[in-house]
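Here is the structure we will look at, set down as structure tokens.
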Amino acid sequence: MPMLLLAGPAAEPWTVADLKSFLRVEHDADDAVIASLLTAARAQIEASTGKMLLAQRWRLVLDAWPRDGRIVLRGGPLRSLIAVRSYDERGYAHGLDLDSFVLDLAGGVIASPPWALPEPGRDVAGIELDLELGYGTTPDDVPAPLRHAVRTLVAQWYDNRGGAADAGAAGLPGGVAAMIAGYRAVAL
């Protein structure tokens, strides 16, 4: 089930000015570095939690419909279903009626009765679903612990640009990992 990014977020969880204040940086020489660290930190928190912080458009590609008609997303939170296409044997896309799908926004599940879904005409990548994922469109929509984790990670990376950070650490710094622990997807 590959997920392809179609359009990233229109903003970041913090502005460079906010981060400069947090980092106590009083010059503009590092603005590009801070902006780059901000984008990388957001992406790292998203990868670690499986949650998109700000609204983004993604494409989910399937070979076939699940037998039970339920698509459980790996990423989230699900905001909306934008489009669904099924490809015929000649490779032509056919849009499906979005009203035939039920969205469980809280659970990240897209469902439809399996008998109501046309089988794709090709065996590989025969179905595409365009989705909007994320907590919201503004930084204030992002849960505070996740926003703070981004800010803390930027600070960690900014202070350790020379590679002086714990080279043995395989994941996130302990404080950041603790901040995001409650937002990580857990499989039962």
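Worth a mention:
- For segment 12-26, a residue qualifies if it is under 15 Å from LEU54 (Cβ atoms) and crowded, with 19+ Cβ neighbours inside 10 Å, and the qualifying residues are GLU12, PRO13, TRP14.
- Residue check for TRP58: within 19 Å of MET1 (Cβ to Cβ), touching a Pro at 6+ places or on another chain (Cβ under 9 Å) and buried (at least 19 other Cβ atoms within 10 Å of the Cβ): no
- Figure legend. Inter-residue proximity from segment 4-27: first residues free of Cβ contacts under 8 Å to residues at least 40 places away in the same chain, second residues surrounded by 13 or more Cβ atoms within 10 Å (Cβ to Cβ), beta-carbon distance below 6 Å, spacing 6+ or different chains. Indicated pairs: VAL16/ASP31; VAL16/ILE34; VAL16/ALA35.
- A single entry from ALA149, ALA125 fulfils the requirement of being open to solvent by less than 50 Å² (accessible area, probe 1.4 Å), in a loop (DSSP other than H, G, I, E, B) and of a type in the set (A, V, I, L, M, F, W, C): ALA125.
- Matching option when the condition is modelled with pLDDT under 95, exposed (fewer than 14 other Cβ atoms within 10 Å of the Cβ) and among the aromatic types (Phe, Trp, Tyr), among TRP65, TRP115: TRP115
- Criterion applied to ALA43, ALA35 was being under 21 Å from ALA185 (Cα atoms) and in a helix (DSSP H, G or I), and the one residue passing it is ALA43.
- If the condition is being in a strand (DSSP E or B) and not small (Gly, Ala, Ser), then segment 67-87 contributes ARG70, ILE71, VAL72, LEU78, ARG79, LEU81, ILE82, VAL84, ARG85, TYR87.
- Scanning segment 113-166 for residues that are in contact with an Asp or Glu (Cβ under 7 Å, 6 or more places away or on another chain) and without any contact (Cβ under 8 Å) to a residue 24 or more places away in the chain yields a total of 0.
- Residue match in segment 137-146 (condition: within 20 Å of LEU4 (Cβ to Cβ), modelled with pLDDT of 90 or more and part of a helix (DSSP H, G or I)): no
The values are calculated or read from the model by the stated rules, or taken from the named source; none is laboratory data. This is a predicted model, so every value here is computed, not measured. Every residue, glycine among them, receives a Cβ derived from its backbone with ideal geometry; neighbour counts consider all protein chains shown. Just so you know, the surface numbers come from the protein's heavy atoms only, side chains and all, with ligands and any DNA or RNA stripped out. Shrake-Rupley method; radii C 1.70, N 1.55, O 1.52, S 1.80 Å.
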